[in-house]
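Asks: My questions all concern the structure below.
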Amino acid sequence: MSLSPRNAPSALRYRLAPDQAAKAALEATFRAYDRMMEILEDVARSHNVGSNVVLLHAHAYDPIRKATALPSRLVTLGLRDRTEYRAAQGRRLPLDDKLAKIKGPATISIATVQGRITVPFDYAGYAEGWGQSVPARLIRTDDDGFEVHYGVTPNNLPEEENAMETIAAAPENFLSRVGRLIAGIAYDAIEQAEGKNKLKVVGQAIREIERAESEARDALAAARAEEYRLNARRSEIERAMTDLAAKIEGAIADGRDDLARSGIARQMDLEAQFDVLSRAIDENNEKIEQSVTSLRAVLSALQDAEQRRADLEKSEAIASQQASTSSRKQGGDSAAAKALRAGKAVARATGVPPGIPYSSDIDELSTLHRDKEIAARLARLKSGS
């Protein structure tokens, strides 16, 4: 039964408006994808694996990553895309929610060979769908532009805003929390803690960062353990597929089509498992990268916070010392003032002027005068007068 036009697959079109750098990154990604397809053809021919996705992955994944720098998820999607890509004459790339994310009302983030880029877009209506073998596609248009098409079902189309919210919505991740912790120990944030013990504020920030460090290390350890488990299972499937392919060929050669059919059915099951595992590995690799990034940021923030605390302790110690010295000086001046007032009071009561304070200059002046007197008397004696 054919689908009615109302239920036929369709796609939302987003016309991209990249700047020169973003356009160069998109074009480089298309060239790298073309190169990947060439490598897949060479591997399929040299290893006689045909369209066996598992064996293609085993022989071609690492060479493709080294030769093209394509995102790992795009390589995984590309393993099943060979036939369709040739039919499309290199005019589109497969995308999923890891490779493309709508970030707001008019921007989309796309993973490329030059890293993730953010590109403005305009809503451009609908286009013909493709059965939604992948959620979205990056399209190279006839006018040398770019569009992203999201597969939808016309009788269940959400409003544009709701669709974007669904795609863009993402829970707050650990890295954003680390960012808040780093901002919390900035000098401005500490200086704004008026009426509070700044050392206590920094100390609390350090304790939170230390907890975040522990969480980051735990998350990284868990992701590494998951990486080992997933890769071990994928290696098992690759070995099983290699053995199974030889057995299927042997059954066909012996005319045992019944055994060959059973082998092919098992082969299809293993391919399905392999595809799920590949997606899980890609997602786990992202977790590892995020955990490593978070851990580096946390360690840097912790070092910065410790330096802030040391600076605050030093400044508060200097301030305390200055306050103590000032207090002593004020106390001395007050005692001298009291003594002077007392002396004046005695002078008024007795009529005797207050004593002249001691001065070293007075002693020096007296000594000079005495020396002159001695010299003058000696001269008189010598002259006999």
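The values are calculated or read from the model by the stated rules, or taken from the named source; none is laboratory data. If you're wondering where the values come from, they're calculated on a predicted model, not measured in any experiment. Heads up, the Cβs are rebuilt from the backbone with ideal geometry, glycines too, and the neighbour counts pull from every protein chain shown.
Asks: For F30, which of the numbered conditions (1) in contact with a strand residue (DSSP E or B) (Cβ under 7 Å, 6 or more places away or on another chain); (2) more than 16 Å from R140 (Cβ to Cβ); (3) not basic (K, R) fails to hold?
Replies: Only one criterion is unmet by F30, namely (2).
Asks: Continuing with the same structure: I'd like to verify a number: residues in the range 241-291 that are under 26 Å from A223 (Cβ atoms) and aliphatic (A, V, I, L, M), how many?
Replies: Of the residues in the range 241-291, 7 are under 26 Å from A223 (Cβ atoms) and aliphatic (A, V, I, L, M).
Asks: With (1) without any contact (Cβ under 8 Å) to a residue 12 or more places away in the chain; (2) more than 25 Å from G129 (Cβ to Cβ); (3) not β-branched (V, I, T) as the list, and A88 as the residue in question, which single condition is left unmet?
Replies: Evaluating A88 over (1) without any contact (Cβ under 8 Å) to a residue 12 or more places away in the chain; (2) more than 25 Å from G129 (Cβ to Cβ); (3) not β-branched (V, I, T) leaves (2) as the failure.
Asks: Among (1) surrounded by 15 or more Cβ atoms within 10 Å (Cβ to Cβ); (2) under 23 Å from the mean Cα position of the chain (by Cα); (3) not aromatic (F, W, Y), which single condition is L93 missing?
Replies: Failing condition for L93: (2).
Asks: Name the single residue, out of those in the range 235-274 being basic (K, R) and in a helix (DSSP H, G or I), that is farthest from H57 (Cα to Cα).
Replies: We begin by selecting, within the range 235-274, every residue basic (K, R); these are 239, 247, 256, 261, 266.
The next check asks that each one be in a helix (DSSP H, G or I); those that pass are 239, 247, 261, 266.
Working: R239: 12, K247: 20, R261: 23, R266: 18 Å.
Of everything passing the filter in the range 235-274, R261 is farthest from H57 (Cα to Cα).
Asks: While we're here: Can you pull out the residues in the range 245-261 that are of a type outside the set (V, I, T), closer than 20 Å to N48 by Cβ and surrounded by 15 or more Cβ atoms within 10 Å (Cβ to Cβ)? Write out each step before concluding.
Replies: At the first step, the residues of the range 245-261 found to be of a type outside the set (V, I, T) are 245-247, 249-251, 253-261.
Next cut, closer than 20 Å to N48 by Cβ only: 245-247, 249-251, 253-254, 260.
Those that are of a type outside the set (V, I, T), closer than 20 Å to N48 by Cβ and surrounded by 15 or more Cβ atoms within 10 Å (Cβ to Cβ): A245, K247, A251, A260.
Asks: Anything in the range 82-96 that is at pLDDT 85 or above and either more than 21 Å from L40 (Cα to Cα) or among the acidic types (D, E) (or both)? List them, or say none.
Replies: The answer is D96, and nothing else.
Asks: Which residue is surrounded by the most Cβ atoms within 10 Å (Cβ to Cβ), if the candidates are limited to the range 9-52 and must be of a type in the set (S, T, N, Q) and without any contact (Cβ under 8 Å) to a residue 12 or more places away in the chain?
Replies: Taking the candidates together, the pick is N48.
Asks: Residue under question is D62, and the condition is that it be under 17 Å from L138 (Cα atoms), of a type in the set (D, E) and under 35 Å from the mean Cα position of the chain (by Cα); does it hold?
Replies: Against the criterion (under 17 Å from L138 (Cα atoms), of a type in the set (D, E) and under 35 Å from the mean Cα position of the chain (by Cα)), D62 does not qualify.
Asks: Consider the range 217-268. How many of its residues are touching a residue at least 60 places away in the same chain (Cβ under 8 Å) and among the polar types (S, T, N, Q)?
Replies: Of the residues in that region, 2 qualify.
Asks: Of all strands (runs of 3 or more DSSP E) completely enclosed by the range 40-149, which ones contain at least 3 residues that are hydrophobic (A, V, I, L, M, F, W, C) and under 18 Å from K23 (Cα atoms)?
Replies: Counting at least 3 such residues, we get 107-112, 115-128.
Asks: For A32, work out the one condition from (1) within 26 Å of T242 (Cβ to Cβ); (2) touching a Leu at 6+ places or on another chain (Cβ under 9 Å); (3) among the aliphatic types (A, V, I, L, M); (4) not in a loop (DSSP other than H, G, I, E, B) it doesn't fulfil.
Replies: Only one criterion is unmet by A32, namely (1).
Asks: Next up: Could you check, for the range 100-117, whether at least one of its residues is within 30 Å of V43 (Cβ to Cβ) and free of Cβ contacts under 8 Å to residues at least 12 places away in the same chain? Spell out how you get there, then give the answer.
Replies: Initial filter on the range 100-117 (within 30 Å of V43 (Cβ to Cβ)): 100, 110-117.
Cutting the leftovers down to free of Cβ contacts under 8 Å to residues at least 12 places away in the same chain gives us 116.
Yes - at least one qualifying residue is present in the range 100-117.
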